[in-house]
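*Asks:* This structure is in structure tokens; I'll ask about it shortly.
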Protein chains: 2
Amino acid sequence: MKLSEIGEFGLIDLLTRDLVYDRSRVIVGAGDDAAVLKPDGDRWLLFTTDMMVEGVHFSFDYCSAEQVGKKALAVNVSDIAAMGGRPGHAVVSVALRPDLAVEKLNELYLGLKEAAREYGINIVGGDTVHSPERLVINVALLGDVAAGRAVYRTGARPGDGVYVTGSLGAAAAGLYLYTHPDTACSTGAAAHCRGAHSEPVARLAAGQTLAGCGISAMDDISDGLASEMHEICGASGTGCRIRAVDVPVDDRVREVAAVAGLDPLHWALFGGEDFELVFTAAPAAGDTVREALLQIGVTVYRVGEITPAEEGLLLDAEDGIKPLLRGGYDHFNI
Amino acid sequence: MKLSEIGEFGLIDLLTRDLVYDRSRVIVGAGDDAAVLKPDGDRWLLFTTDMMVEGVHFSFDYCSAEQVGKKALAVNVSDIAAMGGRPGHAVVSVALRPDLAVEKLNELYLGLKEAAREYGINIVGGDTVHSPERLVINVALLGDVAAGRAVYRTGARPGDGVYVTGSLGAAAAGLYLYTHPDTACSTGAAAHCRGAHSEPVARLAAGQTLAGCGISAMDDISDGLASEMHEICGASGTGCRIRAVDVPVDDRVREVAAVAGLDPLHWALFGGEDFELVFTAAPAAGDTVREALLQIGVTVYRVGEITPAEEGLLLDAEDGIKPLLRGGYDHFNI
């Protein structure tokens, strides 16, 4: 059935079922002018938003509607994770093509609801509007964190180590495979990289654990490690030196890069959408951090250190030391 | 300058100036992964969102970018007003055409910031992404209300009066004038109606005042009075009877309708976007409400009453009593 046949109000009825995960914090969910929520008075609120446009951030040619729904929520959860917080309530706006099948939209919402359950989020409202050409989905997510315990981008200090919570570049390799379907790599490598692109997982437990370890700064890797280092160093007033040889890249990503004739390090530094966390910590905190993350099954990699601002942002690569270019995904120059 | 020349990061720098209105409630605003906010522990949170698509909800052919920015915020404030609450913090996502002039985007943000100041809102974050054809803007707005004092759609009871906070149909008349520029009406009528469409004002003070008067249900008129009555009666399990002769329609709207050869009541009932409030109150509360609103300069109009569900939703018109059709703006059947 096409959206143009079911109409807006039928659609809203269809989509507003089973949205609330934890009733105890929701006085009124979707269905009134605004949701009514009980705050936890001792905690600070976290508030973030992300928009995804069909054909720009995702394509139904290679992602299922369910994956798009899950990803729309996961990218927001990743922002809350990067503050060390816990997600709470989301509102979801979708601009819909009239030729979109209702079944597809239903799948999108199944993905949203599944991710909401996984991350413990209530979907408490939204908006559905018309869009002539493309589906656009916007999620705004409210979370919270113990007062005084949020981790900002501003706290990095010279001498701190720079760490990431997992290997990088798989999401970019996955996007490459989706857009170059004839690439002759192994099934295992293809599945790993495609999955990293279409079903990213936000590092929620790691973010919360790290917030309890006295780390100095944190960011999620949405635009590539290099871009996030520019964010952290810019906000903290520091430089950094990243060692290329220490940037973790999975063998399956290396395989895809080899077949494609590309440099896997480029994907790891500039690819983005890996949604691992990058954080900085004083040398003394290094072991605590490593052990705390190990307890929750997360391996941490030290990729470099924070330096004084005047040293700039550097990449220590095989062919010498050079400036670490921002180089991340620029949404207006693609 | 075109957006494609300035790039995403230059753009974000440009847009994230002067966003915060009340620093005391914002620990961190735009610029980190998520905003960090101090909740007022005794109050309940309100959370709402609205999305606007270029060419569907607005057009730069007849709205300035500043007006679009103001409206994007005002329509969300209207939802908070309809709960009896006060707005607090907003996150703003925009999907931008690369051929959009930076000056136009700057104007859009000036409009957002101006509306934010008027309504006492902090803009604490957002997302800017690429959209090939159309500008899309999404605002998610967080507000609060004294615990237990939110006004829902569910509380209308048979015997309650139905009231609106101002005259209806001007926004629809304005849209008609924008899309039929040759309509030969007076300058005064044209300015009034066009302004109602392109610069709607949310009834924030009225909503807060009404929440203190013990009214039974409230909604903002975004989709037309008829559609909102379906919302209230559906949520409350009641019927209603609206008297056509009592629906307030400004003389300037009547003038435009006469020139256009259309029925002004149609605009008032089904036109939408007037952003007045419709509410229900027990007969005993009528005088209190009227006086409280008069104190803040708002005239209230009684347009009908709530009836038992089995009587249905009726329109008492010149040519007899008939069903009050929903008839609101259906975003997928336009």
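*Asks:* Per-residue HN-Hα couplings for the stretch A:271-286, Karplus 6.51 cos²θ - 1.76 cosθ + 1.60 at θ = phi - 60°, whole Hz, x for Gly and Pro?
*Replies:* x, x, 6, 7, 6, 6, 9, 10, 9, 10, 8, 4, x, 4, 7, x
*Asks:* Just the number, please: percent antiparallel of the DSSP beta bridges in the protein assembly as shown, rounded to the nearest 5.
*Replies:* Around 75 percent antiparallel, to the nearest 5.
*Asks:* Sticking with this structure for a sec: Any idea how many Lys pairs in chain B come in under 28 angstrom at the alpha carbon, given 8 or more places apart or on separate chains?
*Replies:* Lysine pair count for chain B: 12.
*Asks:* Related question: Evaluate 2.2 N^0.38 Å with N set to the residue count of the protein assembly as shown, then give the Cα radius of gyration divided by it.
*Replies:* Cα Rg divided by the expected 2.2 N^0.38 Å: 1.00.
*Asks:* On to the next question. List residues of the stretch B:258-288, by number, whose backbone nitrogen lies under 20 Å from a label position 7 Å along Cα→C-beta of B:THR187.
*Replies:* The answer is B:259.
*Asks:* To the nearest whole percent, what portion of all C-alpha pairs in the stretch B:3-146 is separated by more than 19 angstrom?
*Replies:* It works out to 49 percent of all Cα pairs.
*Asks:* Test of understanding: in a Gaussian network model of chain B with alpha carbons linked when under 10 Å, which of B:GLY188, B:GLY85, B:GLY166 would top the mean-square fluctuation ranking?
*Replies:* Between B:GLY188, B:GLY85, B:GLY166, it is B:GLY188 that shows the largest mean-square fluctuation.
*Asks:* I'd like the orientation of helix A:3-15 relative to chain A: the angle between its Cα long axis and the longest Cα principal axis, in ° from 0 to 90, rounded to 10.
*Replies:* Orientation of helix A:3-15: about 70 degrees from the principal axis.
*Asks:* Specify whether the C-alpha gyration tensor of chain B places it in the rounded, prolate or oblate class, a ≥ b ≥ c being the square roots of the eigenvalues: rounded for a/c under 1.5, otherwise prolate if a/b is larger than b/c and oblate if not.
*Replies:* Oblate, because a/c is 1.5 or more while a/b does not exceed b/c.
*Asks:* Using a simple spin-label model with points 7 Å from Cα along the Cα→Cβ vector, what separation in nm is obtained for B:GLU291 and B:ASP22?
*Replies:* Distance between label points: 2.9 nm.
*Asks:* Still on this structure, I have one more. About the Cα centre of the protein assembly as shown, what is the dipole size in debye to 20, counting +1 per Lys and Arg Cβ and -1 per Asp and Glu Cβ, all else neutral?
*Replies:* That gives a dipole near 1140 debye.
*Asks:* Now for a separate question. Between A:GLU291, A:GLU318, A:GLU66, which gets the highest mean-square fluctuation from a Gaussian network model of chain A, Cα cutoff 10 Å?
*Replies:* In this elastic network of chain A, the residue with the biggest mean-square fluctuation among A:GLU291, A:GLU318, A:GLU66 is A:GLU318.
*Asks:* While we're looking at this one, here's another question. Which of rounded, prolate, oblate describes the stretch A:242-334, given a ≥ b ≥ c as roots of the alpha-carbon gyration tensor eigenvalues and a/c under 1.5 marking rounded, otherwise prolate only if a/b is larger than b/c?
*Replies:* oblate
*Asks:* Rounded to whole Å, give me the distance from the Cα center of the stretch B:108-130 to that of the stretch B:149-222.
*Replies:* 23
*Asks:* Follow-up question, since we're still on this one. Between A:GLU5 and B:MET1, what is the label-to-label distance in nm when each label sits 7 Å out along the Cα-to-Cβ direction?
*Replies:* A separation of 5.0 nm, rounded to one decimal place.
*Asks:* Let me spell out the model: positive unit charges on the Cβ of Lys and Arg, negative unit charges on the Cβ of Asp and Glu, origin at the Cα centre of the stretch A:208-271. What dipole size does that give, in debye rounded to 20?
*Replies:* Here the size comes out at about 200 debye.
*Asks:* Report the gain in length on full extension from A:ARG254 to A:ASP40: 0.36 nm times residue separation, minus Cα-Cα distance, nm rounded to one decimal.
*Replies:* 72.5 nm
*Asks:* Label-point separation (nm) for A:ARG157 and B:PHE60, each offset 7 Å from Cα along Cα-to-Cβ?
*Replies:* 4.8
*Asks:* Roughly how tilted is helix B:225-236, in degrees to the nearest 10 and between 0 and 90, from the longest Cα axis of chain B?
*Replies:* With both axes taken from Cα atoms, the answer is about 80 degrees.
Read-outs throughout are calculated quantities, based only on the coordinates presented, and are distinct from any laboratory measurement. On a predicted model such as this, the values are computed, not experimentally measured, just so you know. Every residue, glycine among them, receives a Cβ derived from its backbone with ideal geometry; neighbour counts consider all protein chains shown.
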